[in-house]
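Asks: The structure that follows is given in the form of structure tokens.
All of the numbers you see were taken from the coordinates with simple rules; none came from a lab. In this text, all values refer to a predicted model and were calculated from it rather than measured experimentally. Reconstructed Cβ throughout: ideal geometry from the backbone, glycine too, with neighbour counts over all protein chains shown.
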Amino acid sequence: MFDFRKIELKDREWINELLKRSDFRGCEYSFANNFAWHRLYETKICRYKDFYISCSEKYGLRFTYPAGEGDRKELFSALRRYAEERNCPLVVSSVLTENIALFEEYFPGEFTVSADEADFDYIYSAEKLRSLSGKKYHGKRNHLNRFYENNWSYSRLSEADFDECISFAVKSYNDNASYSDESAVGEQYAINTFFNYYNELGLFGGVVRIDGKVAGFTIGSRINSDTMDTHIEKAESGINGAYTAVMNEFAKDVSEEFTYINREEDLGIEGLRKSKRSYCPEFQIVKNTVTFR
């Protein structure tokens with residue numbers, strides 16, 4: 001019934017078709033992300049009728065709320081049997097609050113709901129990240145002004161930049177002695193995947209240089225009808241305003257066709273949380289986990 005396997009590039013067309021039907025904004029509903037990060041999360045995927053299903057067994061069997069369309073009562077009943085045959089409860093993550101009613105209708109009293117703020121995506125107004133206008137962005141503009149004192153440049157990311165950007169990311173990884181950090185190792189794999197399959201994954205990006213040398217780069221892609229997702233953002237932390245410049249110049253360059261920019265979750269890391277909140281998100285995507293009894 002369910003033929004779970006590793007995601008492959010050849011799955012792109014049918015996965016994107018089903019993702020488009022649901023039009024979710026969460027960063028987990030991106031083929032590029034699923035393809036680049038599958039090693040870290042030991043993700044497997046399958047198509048079941050007109051649903052795209054992904055799951056991970058890394059921390060116990062867990063399914064992402066499926067994209068697509070069809071009879072969801074039948075789908076979740078089948079997934080429940082699949083999980084129980086493996087002596088596991090059915091666990092479904094990334095359930096939007098408005099979709100909890102579906103479980104309450106079909107499986108009343110048979111599950112619990114939990115949520116972890118570390119998993120919530122930060123969603124920003126694309127126009128506000130482009131302009132950084134108003135009192136609340138005063139500090140960001142100050143950082144940009146310090147950055148603009150350098151001999152700097154910005155350009156759309158092209159294949160001519162790939163090797164330098166990969167080397168920049170590797171240097172950051174090495175400088176932070178991240179060899180034993182599983183997440184950092186997974187990120188390096190994802191970065192290499194993004195560059196190796198840049199065109200195939202429909203990616204676009206930007207690179208900032210100082211005196212001709214890479215000071216930061218970023219890569220993103222369209223995630224749904226009105227939202228862009230920022231997959232990777234790297235900058236020289238020792239240069240005042242470098243991160244703000246990478247974000248702002250990229251937003252000005254590519255995001256006019258989008259209403260929102262998803263800058264993904266903070267993973268519960270306090271410094272990352274403080275940084276993401278400092279850019280004044282419009283809202284966060286609350287991701288619930290439904291666990292069957």
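Asks: Output ³J(HN,Hα) for region 104-110: one whole-Hz value per residue in order, computed from phi by the Karplus curve 6.51 cos²θ - 1.76 cosθ + 1.60 with θ = phi - 60°, and x for Gly and Pro.
Replies: Taking θ as phi minus 60°, the curve returns 5, 6, 8, 9, x, x, 10 Hz for region 104-110.
Asks: Next up: Got a sec? Charge dipole of the chain, +1 on Cβ for Lys and Arg, -1 for Asp and Glu; which of THR218, TYR106, CYS55 is way out at the positive end?
Replies: Checking the options against the dipole of the chain, the answer is THR218.
Asks: OK, next. With only Lys, Arg, Asp and Glu charged, each at its Cβ (+1 for the first two, -1 for the last two), find how big the charge dipole of region 16-116 is about the Cα centre; round to the nearest 20 debye. Walk me through the numbers on the way to the answer.
Replies: Values: 14 positive and 16 negative charges, 79 e Å.
The dipole magnitude comes to about 380 debye.
Asks: Diagonalise the Cα gyration tensor of region 1-126 and give the resulting equivalent ellipsoid semi-axes, square root of 5 times each eigenvalue, largest first, whole Å. Intermediate results must be reported in sequence, preceding the final value.
Replies: Values: eigenvalues 89, 68, 48 Å².
After diagonalising the Cα gyration tensor, the semi-axes are 21, 19, 15 Å.
Asks: Quick check: Cα centre of region 16-40 to Cα centre of region 192-237, how many Å?
Replies: The distance from the Cα centre of region 16-40 to that of region 192-237 comes to 17 Å.
Asks: Moving on. Which of rounded, prolate, oblate describes region 198-255, given a ≥ b ≥ c as roots of the alpha-carbon gyration tensor eigenvalues and a/c under 1.5 marking rounded, otherwise prolate only if a/b is larger than b/c?
Replies: It is prolate, given that a/c is not under 1.5 and a/b is the larger ratio.
Asks: Right, another one. Let's see if you can work this out: charge +1 on each Lys and Arg Cβ, -1 on each Asp and Glu Cβ, no other charges. What is the dipole magnitude of the chain about its Cα centre, in debye to the nearest 20?
Replies: 420
Asks: Here's a follow-up. Provide the per-residue ³J(HN,Hα) series for region 147-153, in order, calculated from phi with Karplus coefficients 6.51, -1.76, 1.60 and θ = phi - 60°, each as a whole number of Hz, with x at glycine and proline positions.
Replies: Once θ is set to phi - 60°, the couplings for region 147-153 become 5, 5, 6, 7, 7, 10, 8 Hz.
Asks: I'd like to compare 258-270, 25-37, 130-142, 211-223: which one has the highest average count of other Cβ atoms within 10 Å, and what's the full order after that?
Replies: Output ranking for 258-270, 25-37, 130-142, 211-223: 25-37, 211-223, 258-270, 130-142.
Asks: Could I ask something else about it? For region 170-220, would you read off the P(r) tail past 13 Å as a percentage of all alpha carbon pairs?
Replies: 66
Asks: Please check: in the Gaussian network model of the chain (C-alpha springs, under 10 Å), which one of SER56, SER275, SER255 has the largest mean-square fluctuation.
Replies: So, out of SER56, SER275, SER255, the one fluctuating most is SER275.
Asks: Need one word for region 250-289: rounded, prolate or oblate. Basis is the Cα gyration tensor (sqrt eigenvalues a ≥ b ≥ c); a/c below 1.5 gives rounded, then a/b vs b/c decides.
Replies: Numbers: a/c = 2.58, a/b = 1.54, b/c = 1.68.
Oblate shape, in that a/c is at least 1.5 and b/c is the bigger or equal ratio.
Asks: Same structure, new question: Please state, as a whole number in µm²/s, the translational diffusion coefficient that the Stokes-Einstein equation yields for region 167-293 at 37 °C and 0.692 mPa s, with Rh defined as the Kirkwood radius across alpha carbon pairs. Don't skip to the answer; put the middle values down first.
Replies: Numbers: Rh = 16.1 Å.
Diffusion coefficient, whole number: 203 µm²/s.
Asks: Please tell me which of these pairs span more than 28 angstrom C-alpha to C-alpha: LYS58/LYS128; LYS20/LYS44; LYS171/LYS274?
Replies: Check vs 28 Å cut-off fails for LYS58/LYS128.
Asks: For region 131-170 and region 241-257, what is the separation of their Cα centres, given in Å?
Replies: Measuring centre to centre over Cα atoms gives 7 Å.
Asks: Would you tally the net charge around SER275, using a Cβ to Cβ cut-off of less than 14 Å, leaving SER275 out, and scoring K and R as +1, D and E as -1? Before the final figure, lay out the partial values.
Replies: Values: positive: LYS140, LYS234, ARG263, ARG273, LYS274, LYS276, ARG277; negative: GLU233, GLU264, GLU265, ASP266, GLU270.
Net local charge, SER275 excluded: +2.
Asks: Over the chain, what lengths in whole Å, largest first, do the semi-axes of the equivalent ellipsoid take, defined as the square roots of 5 times the eigenvalues of the alpha-carbon gyration tensor? Spell out each step's value before the answer.
Replies: Values: eigenvalues 256, 83, 60 Å².
Semi-axes (√(5λ), whole Å): 36, 20, 17.
Asks: How much space per residue, in cubic angstrom, does the convex hull of the C-alpha atoms of region 1-70 take up?
Replies: Looking at region 1-70, the number lands at 85 Å³ per residue.
Asks: Seen from all sides and averaged, what is the projected area of the convex hull of the Cα atoms in region 58-191, in nm²?
Replies: Over all viewing directions, region 58-191 projects a mean Cα-hull area of 14.1 nm².
Asks: Here's a follow-up. From zero up to wherever the largest Cα-Cα distance of region 138-203 sits, split into 5 Å bins and tell me the percent of pairs in each.
Replies: With a bin width of 5 Å, the distribution comes to 3, 13, 18, 16, 16, 17, 14, 2.
Asks: Turning to a different aspect of this structure: Per-residue HN-Hα couplings for region 158-163, Karplus 6.51 cos²θ - 1.76 cosθ + 1.60 at θ = phi - 60°, whole Hz, x for Gly and Pro?
Replies: So the Karplus estimates, Gly and Pro as x, are 10, 4, 5, 8, 4, 4 Hz.
Asks: While we're on this one: So what is the relative contact order of region 36-181, in percent, for Cα pairs below 8 Å that sit 6 or more residues apart?
Replies: It comes to 11 percent, rounded to a whole number.
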